[in-house]
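Below is one structure, written out as structure tokens; the observations come after it.
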Amino acid sequence: MTNKRRKPSAWPSIISLSAVMFMLGLLGFSLIGFQGLSKHLMESSSIDLYFTDGTTPAQVKAIEAKLRQEPWIKTTKYITPEDGLKEMGNKYDEEILSFAENIALPLSLELYPKSDYANIQFIDRESKHLRTLANVEDVIYQRNWVENMTANVQRLQWVFAASTLIALLVAIALIQSATRLSIFANRFLIKSMQLVGATNTFIVKPYVMNFVRYSLVAIPIAMGLLLTVFYGLPFVFQDFAIINDFTKHIAFNQLLIICISVSIFGLILASFGSWLSTRRYLRTKIENLY
């Protein structure tokens, strides 16, 4: 009685492809979410202009209208003395607030720079120019905060770049392992076909097409997991603001681009990996197959 040889299961390859695409998709989400979050943080630091006593609201409004035409300014906010007291009430205790009520707060203007200009060198230069404007008494900004944020953003960009490279290498290694294990079971069949005169293209094509089909099965699995993570985590971890901040800065069209890009990459990588592995066995001598 002879034992019938079982056909190798396709699920290890499908699971490996799904895991790779899921991992790359998460990395894409992290990169875009980080870029949006860092842009938001860089644009949340204001340059505060305080005006001299006697400056009228009309004069401040005129300066604001002129500054809005500057290419580096994203938004401006006019602060009246009453608005200033409200902001102080949110930041300080009642004793300081009662003292502030006895003094006349100056009119002020908050300038929020675009993220491309939110670096300490540019802000230092522009603050000197802002001090020369009529009726401006002082210009204040969080210099240490801007310096630290710029340095942290640069460090995180390097970390994400290194993570992307590592993820790509791991993805290639995983798919290569999956394809080699699957094709290893058919190494004798591949060599037999080669011995009877089959061309390399004829031998390789069915294995490449198999892995293309595996990729088509793996794509909805990986995309389903990605969408579950993207839409589910903010509800599960509502107390973690960082997760909500990341997902909030990823638009639907960016989400769609990530899913399509990862799917195409998975198809290409699976095709290339299966082609490479099959070609390897075509070049292997018969005595080395055992």
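Only the coordinates and a few stated rules stand behind these numbers; no lab work does. Remember, predicted model here, so these are calculated numbers, not experimental data. Here Cβ is always computed from backbone atoms with ideal geometry, including for glycine, and neighbour counts include all displayed protein chains.
Can you give the FRET efficiency to the nearest 0.05 for Y78 and I166, using r as the Cβ-Cβ distance and R₀ = 41 Å? Mind dumping the intermediate values first?
Details: r = 48 Å, r/R0 = 1.18.
Calculated value: 0.25.
For each of Y78, Y231, Y117, count neighbouring Cβ atoms within 10 Å of the residue's Cβ, then give the residues from fewest to most.
Listing Y78, Y231, Y117 from fewest to most nearby Cβ atoms yields Y231, Y78, Y117.
Measure off 7 Å from each Cα along the Cα-to-Cβ vector at K248 and T52, then give the distance between these two points in nanometres to one decimal.
4.1
Give me the number: length gained by fully extending A198 to V159, i.e. 0.36 nm times residue separation minus the C-alpha to C-alpha distance, one decimal in nm.
Numbers: separation 39, 0.36 × 39 = 14.04 nm, distance 4.84 nm.
Gain on stretching A198 to V159: 9.2 nm.
Going by C-beta contacts inside 10 Å, put F184, F252 in order with the fewest on the left.
Working: F184 13, F252 7.
Lowest count first: F252, F184.
Among the listed pairs K39/K248; K66/K128; K39/K66, give every one whose C-alpha distance is greater than 19 Å.
Long pairs (Cα-Cα over 19 Å): K39/K66.
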